Amino acid sequence: MAKPGFERAERIQFGVDDCEFDTLAVRAGQWRTDEGEHNDAIFPTSSFVYSSAREAAARFGGDEAGNIYSRFTNPTVQAFERRMAALEGGERAVATSSGMGAILTLVLSLLKQGDHVVCSRSVFGSTVSLFEKYISRTGVETTFVSPTDLDAWKAAVRPETRMFFLETPSNPLAEVTDIRAVAELAHANDAVLAVDNCFCTPALQQPLKLGADVVVHSATKYLDGQGRCVGGVLVGSDKLMEEAFGFVRTGGTALSPFNAWVFHKGLETLRLRMDAHSRSAMEMASWLQQQPGIKKVHYAGLAEHPQHSLAASQQSAFGGVLAFEVEGGKEAAWRFIDGTEMVSITGNLGDAKTTITHPATTTHGRMSEEAKAEAGIVEGLIRLSVGLEAVGDIKADMVRGLAAL
């Protein structure tokens with residue numbers, strides 16, 4: 001399969017290998033219809049028409065390339081997939097209906113009954129629920145380990161281990177896992193490593209270049225950047241993504257053309273946004289450390305963060321999400337959140353608007369109390385996804401929250 005890149009070769013004579021990230025974010029995956037539109041077209045159609053019964057049979061049989069049905073072949077979705085593959089440095093991408101749909105697609109396409117997964121215990125709460133409650137019903141077992149303890153990853157390996165799964169930095173404590181080390185461990189045991197790259201995006205971190213086999217995204221977050229649509233995407237080798245594509249085709253975890261178009265356009269400003277989010281989050285993390293009533297700030301950009309050096313070696317910046325603990329547990333955390341006026345109280349992140357949430361009762365609320373404790377999701381913890389507003393205005397709103405403690 002050709003590397004993803006530029007499709008209109010009669011005018012664009014260069015490809016993926018010739019361009020830097022910012023150019024790929026704007027140009028990779030683009031193509032035009034005969035109308036010559038400058039902006040990318042949207043194809044909101046359920047199916048496609050064939051010129052003959054012979055052509056229809058050839059398309060369905062795989063003997064002839066072309067669109068068939070939008071559950072698995074749609075030009076707008078394919079444009080987004082090609083751009084994502086280019087940005088992550090992968091051979092192919094497969095888009096899905098949500099970030100959780102991407103993880104489900106990954107697991108059900110690559111694993112079978114009797115297989116075993118080693119997963120970081122510091123992942124999104126719904127990821128934990130998916131592995132514990134639903135994936136387990138297929139006969140696939142999961143062992144959860146500390147994201148930062150490589151010995152724990154090694155100790156969890158079984159003969160039937162076929163996948164390692166992690167997110168780094170983690171949600172919401174910004175714990176950082178050594179991707180290179182876990183990749184080496186996975187490959188030594190004939191397993192694949194999947195990395196949720198939602199917090200960094202390929203603008204700040206490219207796990208495939210560090211040894212990972214698959215990158216997972218909730219496109220809902222920074223890839224969109226404005227909280228408009230829900231979607232997900234997987235990126236990896238042709239071989240692995242062909243399996244994922246087969247599941248999307250049959251299982252129906254497909255991304256809509258309109259959402260794909262929104263994400264495709266969002267990627268054009270990804271680098272600019274991630275740089276701005278990172279700068280503001282760094283300033284907010286440093287400022288929060290100095291405020292009375294704040295017990296601890298979790299952000300890998302802080303020099304005292306236990307994995308700060310590792311994060312700096314894997315990432316070009318530290319992202320826009322931080323967490324902090326307040327004195328007084330849940331009641332105090334709720335008072336702080338309710339005391340703010342500008343920031344949005346919502347479970348989403350990666351938005352141009354700053355968002356705030358209480359993980360223990362929202363994003364990680366379905367986890368058992370034991371699992372929360374092991375993952376460090378304490379009652380006084382607050383997650384802040386720093387947006388693109390003026391930092392001074394975000395600080396002023398945090399002062400309102402502090403006054404409510």
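Some notes on this structure:
- Residue in the range 62-74 that is surrounded by the fewest Cβ atoms within 10 Å (Cβ to Cβ), counting only those that are under 13 Å from SER256 (Cβ atoms) and either among the small types (Gly, Ala, Ser) or touching a Pro at 6+ places or on another chain (Cβ under 9 Å) (or both): SER70
- The set of residues in the range 267-287 being surrounded by fewer than 22 Cβ atoms within 10 Å (Cβ to Cβ) and either in contact with a strand residue (DSSP E or B) (Cβ under 7 Å, 6 or more places away or on another chain) or closer than 30 Å to TYR69 by Cβ (or both) consists of GLU268 alone.
- Leading residue by the ranking (nearest to ILE337 (Cα to Cα)) among those in the range 389-405 that are surrounded by fewer than 14 Cβ atoms within 10 Å (Cβ to Cβ) and not hydrophobic (A, V, I, L, M, F, W, C): ASP393
- Test: ASP178 is closer than 17 Å to CYS119 by Cβ and more than 11 Å from the chain's Cα centre (by Cα): yes
- HIS358 fulfils the conditions (1) loosely packed, with under 15 Cβ neighbours inside 10 Å; (2) within 21 Å of LYS221 (Cβ to Cβ); (3) not acidic (Asp, Glu) except for a single criterion, (1).
- Residue in the range 47-61 that is under 30 Å from the mean Cα position of the chain (by Cα) and either in a loop (DSSP other than H, G, I, E, B) or surrounded by 13 or more Cβ atoms within 10 Å (Cβ to Cβ) (or both) present: no
- Residues that are out of contact with any helix residue (DSSP H, G or I) (no Cβ under 7 Å at 6 or more places or on another chain), assigned to a loop (DSSP other than H, G, I, E, B) and closer than 16 Å to PRO172 by Cβ within the range 330-352 comprise THR346, GLY347, ASN348, LEU349, GLY350, ASP351, listed in sequence order.
- Restricting attention to the range 99-133, the residues being in a strand (DSSP E or B) and more than 20 Å from the chain's Cα centre (by Cα) number 1.
- Between VAL386, VAL326, VAL378, the distinction of being in contact with a helix residue (DSSP H, G or I) (Cβ under 8 Å, 6 or more places away or on another chain), more than 15 Å from ILE294 (Cβ to Cβ) and buried (at least 17 other Cβ atoms within 10 Å of the Cβ) belongs to VAL386 only.
- Residues being charged (D, E, K, R), under 27 Å from ARG82 (Cα atoms) and in contact with a strand residue (DSSP E or B) (Cβ under 9 Å, 6 or more places away or on another chain) are represented in the range 196-216 by at least one member.
- Test: residue in the range 267-276 that is on the phi > 0 side of the Ramachandran plot and within 20 Å of the chain's Cα centre (by Cα): no
- Taking first residues from the range 179-193 that are modelled with pLDDT of 95 or more and in a helix (DSSP H, G or I) and partners that are of a type in the set (A, V, I, L, M) and surrounded by fewer than 17 Cβ atoms within 10 Å (Cβ to Cβ), the Cβ contacts under 8 Å between residues at least 6 apart in sequence or on separate chains come to ALA181/LEU150; VAL182/LEU150; LEU185/LEU150.
- Single unsatisfied condition, ALA371 versus (1) out of contact with any strand residue (DSSP E or B) (no Cβ under 9 Å at 6 or more places or on another chain); (2) more than 22 Å from GLY401 (Cα to Cα): (1)
- For SER136: the one exception among (1) among the polar types (S, T, N, Q); (2) in a helix (DSSP H, G or I); (3) within 30 Å of GLY380 (Cα to Cα): (3)
The values are calculated or read from the model by the stated rules, or taken from the named source; none is laboratory data. Fair warning: this is a prediction, and the values are worked out from it, not measured in the lab. Note that each Cβ is placed from the backbone with ideal geometry, even for glycine, and that neighbours are counted across all protein chains shown.
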